[in-house]
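One structure below.
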Amino acid sequence: MNVMIRPLAIALAGAGLAAATLAAPLAAQDPASQGPASDAPLSDNQIIVTAKAAGAPMWTIETEAGAVILVGEIRAVPKSTPWFPDRLESATREADRVIVRGAPKFSPGDVFRLLFRGGKFTKLPDKGVAADYLDDAQRARLASLEAEYDIDYDRRSFLMTGFDLLARRLDFDDETTKDATDIVKKAASKADVPVTRPERFRGEDLLDNLADAPPTSHIPCLEAAMSATEAGQAIIQKRGEDWRSFDIPAVMANPLEVALGTCWPWADDELGDEIRGQWVGMIADASEQPGVTLAVVPLRVLAEPDGVLDQLEAQNFLIGGPDWRGKAAASPEG
């Protein structure tokens, strides 16, 4: 059961900018670095400055009532990536509310369904093999990886093969720091800051969606996972460096980030659209609230074409922060 559930958990969680202000110049302005803390609450602008000092890419939407801070999260930030989670904690404690992603609702019944239907998730249907679905070039790439890692993927579902390549062969989530979501949730809980999450998907619905997907729908995931694994572990560090330097187009083009965003559920049209729609709606609602809202959003959901940032901009929100589309760099204010 653990073998099957772990890859699903990777996918469901996720499974990620030269123009923004770097943490080093901001450190002098960081209230946490200016001696003993004051009992006086921080202003909206001070909260924004403190959040940006953490070094994660983020965008701000200033409103008549306050501001919304959007933190672009990638999963599995390498420990060697120099950012400052404590400053994000400080900003969280001063925020009026936070928004973070939620875990899907898996019931005990869903676990039993996974056990009884596990073959439908982990194996190709009707005793099929990889060559029944892949062209010669795709099968040759897979065979090369099978030989390198001494493993047989011939009967495995392409989704599970993709997860195995990323999590076990590339080992992308080893030696990592806490995710921004975990940091913000913990800080908000300690400071009694209200937490809002997107509506959680029912485990039953997710498993049905996955079970109904044809094997061919997961071939893009397999190809992306093969590309990431073939590229090697250097892409893991590069992804963290680009995230920290706010080079969003480079992060989005990184083979690991591409693979994590190509595999289910993100690539599923119905689920992907619903995920993006939930975030846009929550952020739009938060923009009407007084004070500061801090939202931690998966970077791929934010910055992909027609993603959350594009949709918010189309609704005439003024968004300040790093360039997310590869255009000429914007100013630090926007």
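Just so you know, all these numbers are worked out from the coordinates, no wet-lab data involved. No experiment lies behind these values; they were computed from the predicted model shown. Virtual Cβ from ideal backbone geometry, glycine too; neighbours counted across all protein chains shown.
Too long at a 32 Å Cα-Cα cut-off: which of LYS79/LYS190; LYS79/LYS127; LYS185/LYS238; LYS127/LYS178; LYS123/LYS185?
Long pairs (Cα-Cα over 32 Å): LYS79/LYS127; LYS127/LYS178; LYS123/LYS185.
If you take every residue apart from ILE99 with its C-beta less than 13 Å away from the C-beta of ILE99, what net charge results, scoring Lys and Arg +1 and Asp and Glu -1?
Computed value for this residue: 0.
Compute the length gained on full extension between SER144 and ASP132: take 0.36 nm times their separation in residues and subtract their Cα-Cα distance, giving the result in nm to one decimal.
Taking 0.36 nm per residue and subtracting the Cα distance, the gain is 2.6 nm.
How would you rank 160-172, 50-62, 177-189, highest first, on the average number of other Cβ atoms within 10 Å across their residues?
50-62, 160-172, 177-189
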